[in-house]
Amino acid sequence: MNRRWLPAGLVFVLVACAEQVERSDLLPPPAVSNAGPDDESATLVPFITEGAADRGHLAVGLLQSGSAACSATLVGQRAVLTAGHCLHGGQTTFTIGGQRFAAAELIRHPSYAGGNRNDIAVVMLAESVGGVAPSAINAQPVEVGMAITLVGFGNTGERSGDFGTKRMGNNTIAEVGPTTFGFAGQSNVCNGDSGGPTFIVRDGEEQVAGVHSTKSGFCGHGGTDMRVDAYLRWLQEVTGGDLT
């Protein structure tokens, strides 16, 4: 079993600002939100994600890890699914249903290398979450054209500063890679949505199909998720069978 623990006090700095000059060698900036205002170098272009306030998806909560604030999903009694770049070490908590739970283990994919390269992680909580049903995990490949629902606590624009409200937006899968899928259009991810889920409906059940990894340029242009089905075996291993 390959696990990677992050030592206390280890902090990775991630800047969620758009590049002013397009370069093919640059990966999309991460859709992570630091626990404060957007970075001063971020663009002022006012694109928004055009999502609606979400009173459902009760398994989706806020993850605070060191200086980073992200979105995450309860997928077991103690297992929380998020993005690899959301784990900054130090004190990590998951807030869901008005309750805050401390993390016992931070497990980033062993081949994580920034950007969309294995940007997936699991947080094992110190205690089980009661009163909230975990979200089911999708185990089958996704396809272009599938209807998806994006959920997260991120900002509604580059400089909006309104992180912390759970929102949802409808979209479709525009492209599929071996470990990722992408989506375009105005209803999209923004800073702070990182680690949150993309849902699909399969056999009448809503399932987590992706984990928000990066945005493409400005908020509202496009985004890329890590495919949960591509990492299913690893997720089952590191959670000790705690997946729903």
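Observations, loosely collected:
- Some residue of the stretch 218-236 being farther than 30 Å from Glu105 by Cα, at pLDDT below 90 and either surrounded by fewer than 17 Cβ atoms within 10 Å (Cβ to Cβ) or among the acidic types (Asp, Glu) (or both): no
- Scanning the stretch 96-120 for residues that are more than 18 Å from Val211 (Cα to Cα) and open to solvent by 20 Å² or more (accessible area, probe 1.4 Å) turns up Gly97, Gly98, Gln99, Arg100, Ala102, Ala103, Ala104, Glu105.
- Where Ala147 falls short, out of the listed (1) closer than 28 Å to Gly240 by Cα; (2) open to solvent by 20 Å² or more (accessible area, probe 1.4 Å); (3) of a type in the set (A, V, I, L, M): (1)
- Strands (runs of 3 or more DSSP E) wholly inside the stretch 130-244 containing at least 1 residues that are in contact with a Leu (Cβ under 8 Å, 6 or more places away or on another chain): 167-172, 180-184, 197-202, 205-215, 222-227
- Scan of the stretch 158-169 for residues that are in contact with a strand residue (DSSP E or B) (Cβ under 6 Å, 6 or more places away or on another chain) and surrounded by fewer than 22 Cβ atoms within 10 Å (Cβ to Cβ), ordered by number: Met168
- Among residues of the stretch 179-208 that are under 16 Å from Pro134 (Cα atoms) and open to solvent by 10 Å² or more (accessible area, probe 1.4 Å), those with a Cβ under 9 angstrom from a residue that is at pLDDT below 95 and not in a strand (DSSP E or B), sequence gap 6+ or separate chain, pair up as Glu206/His57.
- Hey, Thr92 at pLDDT 95 or above and over 15 Å from the mean Cα position of the chain (by Cα) or not: yes
The values are calculated or read from the model by the stated rules, or taken from the named source; none is laboratory data. From a predicted model like this one, the values you see are computed outputs, not experimental measurements. Note that each Cβ is placed from the backbone with ideal geometry, even for glycine, and that neighbours are counted across all protein chains shown. To get the accessible areas, we keep the full protein, side chains included, count just its heavy atoms, and leave off ligands, DNA and RNA. Shrake-Rupley method; radii C 1.70, N 1.55, O 1.52, S 1.80 Å.
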